[in-house]
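Worksheet for the structure shown next.
Computed from the coordinates by the stated procedures, all read-outs in this text should not be read as laboratory data. Note that the structure is predicted; figures quoted are calculated from it, not measured. Please note: Cβ atoms are built from the backbone with ideal geometry, for glycine as well, and neighbour counts cover all protein chains shown.
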Amino acid sequence: MNIALFGPPGAGKGTQAKELSKHYAIPHISTGDILRANVRDGTELGMKAKEYMDKGQLVPDDVLIGLIKNRLNESDCESGYLLDGYPRTIPQADALKLILEEIGKPMDAVLNIEVSDEELVARLGGRRTCSCGESYHVKFNPPEKDGVCNACGAELYQRDDDMEDVIRQRLATYNEKTKPLMNYYKDQEILVDIDGSNTVDAVFADILEVMDQFK
Ligand code: ADP
Ligand code: ADP
Ligand code: ZN
């Protein structure tokens, strides 16, 4: 299965991706997670990316295109892929199309997870993240043990960009740069709308149901 998750920050892409990646046995490729790992490790890429991430802006396209090209050429993508957070601009989508043609793995579906702005702000404000990529919410999806990841036992943290002023900037960036991709994929007839406002389990069930038609 070759899938991309699309939607604003806080829609639940990462949360659904964790389960979908297990269900379909395909790698979860989160460009945000890859960038954050680089920031943590203090790589050159990480130092460049951090400036943009902290301001709620997009990291330049050439950086992301190189990154995703390398990642999609790794051997685990032979079984398919689950993109989360890429593409976010039209040039990224154009580049992706060429990369996927090269590796012979066109996208089956782009899942557009829809959630109201009010709910997004509430979700992002209470998000707690693990360096392993899991995310929790203090109210909506708390870990079993306060502040500790269920999956790997590491300590959870609040992302620098999950502060109120940066949240607002990220939503503005999404509306300006990323939302136009909805029509791009609608025109290609691979965009599928998912109501992301339900519980985590209900959203997951809806995704499996719509993905049934792509088997
Ligand atoms: P994204 O990757 O799209 O930015 P996340 O998956 O990290 O979003 O989810 C954002 C926040 O909302 C997290 O705190 C997560 O626990 C919470 N969340 C995810 N899905 C739901 C849901 N269906 N209902 C309520 N909260 C959710
Ligand atoms: P969210 O949970 O808001 O969907 P991500 O973890 O996907 O956030 O991304 C965090 C930040 O990393 C973004 O605000 C942006 O600065 C950068 N980033 C991630 N993916 C991309 C991308 N495809 N293009 C440009 N910047 C990106
Ligand atoms: Zn963890």
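Gap in Å between the Cα centre of the range 131-199 and the Cα centre of the range 21-62? So the separation of the two Cα centres works out to 13 Å.
Cross-linked pairs LYS50/LYS145; LYS18/LYS48; LYS69/LYS215; LYS69/LYS97; LYS22/LYS105: Cα-Cα separations exceed 22 Å for LYS50/LYS145; LYS18/LYS48; LYS69/LYS215.
Shape index of the chain: Rg/Rh, with Rg the Cα radius of gyration and Rh the Kirkwood radius from the inverse mean 1/r over Cα pairs, equals 0.93. Select from LYS22, LYS48, LYS105 the residue whose mean-square fluctuation is largest in a Gaussian network model of the chain (Cα-Cα springs shorter than 10 Å). The residue that fluctuates most here is LYS22.
The slack between LYS69 and GLN188, meaning 0.36 nm per residue of separation minus the straight C-alpha distance, is 40.7 nm.
Within the listed set ALA25, ALA154, ALA109, the residue fluctuating most in the Gaussian network model of the chain (springs between alpha-carbon atoms under 10 angstrom) is ALA154. Taking the DSSP bridge list for the chain and keeping only pairs wholly inside it, about 25 percent are antiparallel. Peptides 87-94, 198-205, 37-44 ranked from most to least packed, by the mean per-residue count of other Cβ atoms within 10 Å: 87-94, 198-205, 37-44. Relative to the current alpha-carbon distance between VAL121 and VAL148, full extension at 0.36 nm per residue lengthens the span by 7.4 nm.
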